[in-house]
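The values are calculated or read from the model by the stated rules, or taken from the named source; none is laboratory data. Predicted model only: the values in this text are computed from it and were never measured. Here the Cβ positions follow ideal geometry from the backbone for every residue, glycine too, while neighbour counts run over all protein chains shown.
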Amino acid sequence: MEDLDFCRYSCGKTIHSKCFSMWEKSRGSICVFCRAQWYSSNLIIGNHKKVSMHPIDINNINNDNDNNNLSVEAITVVDLESGSMKSLSEIDINDVKSAAKFRGGELLSDNMIKGDLATKLKWKCGYCKNEFEASPCLILLGGFWCPKCYIPEEKWDYDNIARTCPFFGQLWYNDHPKDENNVYIFKDIYKKSK
């Protein structure tokens, strides 16, 4: 299997490492798909360990650096505000609260076991006020947020979502002006013709 890399801070889409290298030479360190800033594997993979990016099973990550499984200590995340790096085993409730804030929402859970990225926590979306459960792994590594906003049932209101969610806004404002205010109501768009 060829080495893959992926957009860590925006769309999460994967690309062959060799293909991204060619893209980067002509376009710079931005995502091929969403044009967000690209963070290389060297920033994310600690201990300078070469890792092929296969789907991560958070329940099978272990602390044994000598075996072939992906190690918690081998993956680090970058705090975008401070620029500091932290191992996944060091992620705590303050880190996930910060992630919720960056998504325009909040963490409703009162506690979390340090380094436990698999246990679901309770979150609240700042835009639609929806409360939902998701693991820190899904939020931090998967780029997930509110299922009600991002998979809408009634309308597309991404301009207003971008205003409340800096995480989404960093992508949205690459192609949309900040004063744009389009709302598309599904029942108006998809009226049945008689």
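In segment 72-93, how many residues are part of a helix (DSSP H, G or I) and either in contact with a helix residue (DSSP H, G or I) (Cβ under 6 Å, 6 or more places away or on another chain) or at pLDDT below 90 (or both)?
Adding up the residues that qualify gives 6.
Counting only residues that are surrounded by 15 or more Cβ atoms within 10 Å (Cβ to Cβ) and not hydrophobic (A, V, I, L, M, F, W, C), which one in segment 132-146 is farthest from the chain's Cα centre (by Cα)?
SER135
Show the residue pairs that are 6+ apart or on different chains and have beta-carbon atoms under 6 Å apart, the first residue being within segment 101-112 and more than 16 Å from PHE168 (Cβ to Cβ), the second being in a helix (DSSP H, G or I) and basic (Lys, Arg).
Listed by first residue and then by second, the contacts come to LEU107/LYS97.
Does GLY104 satisfy the criteria of being part of a loop (DSSP other than H, G, I, E, B), within 28 Å of ILE30 (Cα to Cα) and in contact with a Phe, Trp or Tyr (Cβ under 7 Å, 6 or more places away or on another chain)?
Yes.
Just a yes or no: is a residue in segment 114-130 closer than 14 Å to ALA100 by Cβ, surrounded by 14 or more Cβ atoms within 10 Å (Cβ to Cβ) and at pLDDT below 90?
No, every residue in segment 114-130 fails to be closer than 14 Å to ALA100 by Cβ, surrounded by 14 or more Cβ atoms within 10 Å (Cβ to Cβ) and at pLDDT below 90.
What residue, among those in segment 109-148 that are part of a helix (DSSP H, G or I) and not hydrophobic (A, V, I, L, M, F, W, C), is nearest to ASP5 (Cα to Cα)?
PRO136
For segment 153-181, how many residues meet the condition of being touching a residue at least 24 places away in the same chain (Cβ under 8 Å), farther than 19 Å from CYS7 by Cα and assigned to a loop (DSSP other than H, G, I, E, B)?
3
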